[in-house]
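Take a look at the structure below.
What follows draws every value from the coordinates through simple rules; no lab data is involved. Small disclaimer: the values here were computed from a predicted structure and weren't measured. Note that we place each Cβ from the backbone using ideal geometry, even for glycine, and neighbour counts take in every protein chain shown.
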Amino acid sequence: MAAPAQKFLFDNDFGAPDKAREKAAAAAELAQAVAAAEQRGYQVGFAQAQREMQADAERLCAMALEQIGQSMQVIAAGIGSVETRMETEAVEVAVAVARKLCRELIAAEPLAEITALVGECFRHLVSTPHLVVRISDGLYEAARERIELLAKRSGFAGRLVLLSDPEIAGGDCKIEWADGGMVLERAAIEAKITELVGRYMASRK
């Protein structure tokens with residue numbers, strides 16, 4: 001026996017699958033849009049971070065260069081002070097050596113400078129009426145013989161006067177004539193050298 005026929009009630013919605021597909025497509029598009037937005041946000045954030053890192057690196061590099069420049073200035077100033085100190089010490093050593101050598105030469109030959117100076121006076125003061133030479137007590141006898149011999153050899157025709165002076169140091173002398181005179185005084189020479197060296201070193205600071 002055949003099944004009874006059912007009456008069609010027109011209650012089936014044939015558009016439901018299309019709506020479902022539309023919703024699925026919209027959800028997919030939304031997901032893609034969100035993903036794209038996230039990607040763009042990541043790229044923007046990454047670029048911003050890179051710019052900030054670059055700026056920080058440049059700032060640190062500038063600070064480092066400034067610090068290096070300051071350090072080089074300090075080093076240069078230190079080197080300059082070392083060079084000045086070394087130069088000062090070198091000059092002081094040279095002066096000390098010269099003084100020591102001068103003392104040793106005077107001790108070994110105390111009449112050398114005296115006779116050399118007196119001999120120059122004889123050559124340039126041949127017509128001088130008289131010449132007075134003052135020397136230390138300890139060198140008087142030895143100096144008298146040498147100076148008198150120098151006067152004869154140089155042709156000095158004036159009156160030669162030799163005097164011993166207890167205030168004159170060994171190796172020093174005073175020479176006087178009518179309108180002038182000169183002094184050989186080692187202490188005064190050393191003082192002048194010290195003054196000149198002091199001025200030179202002061203100008204180098």
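For D172, the shell of other residues with beta-carbons less than 11 Å away shows a net charge of -1, using +1 for Lys and Arg and -1 for Asp and Glu. Each of the peptides 155-166, 130-141 was scored by the mean count of other Cβ atoms within 10 Å over its residues; in descending order, highest first, they stand as 130-141, 155-166.
Measuring nothing but how far apart in sequence close Cα pairs (under 8 Å, 6+ apart) lie, relative to its length, the stretch 129-205 scores a relative contact order of 37 percent. Between Q48 and A28, what length in nm is gained on full extension when 0.36 nm per residue of separation is reduced by their alpha carbon distance? Once the chain is fully extended between Q48 and A28, it gains 4.2 nm.
For the stretch 110-204, the dipole from Cβ point charges (+1 on Lys and Arg, -1 on Asp and Glu) about the Cα centre works out to 340 debye, to the nearest 20. With a Förster radius of 30 Å applied to the beta-carbon distance between H124 and T194, the computed FRET efficiency rounds to 0.50.
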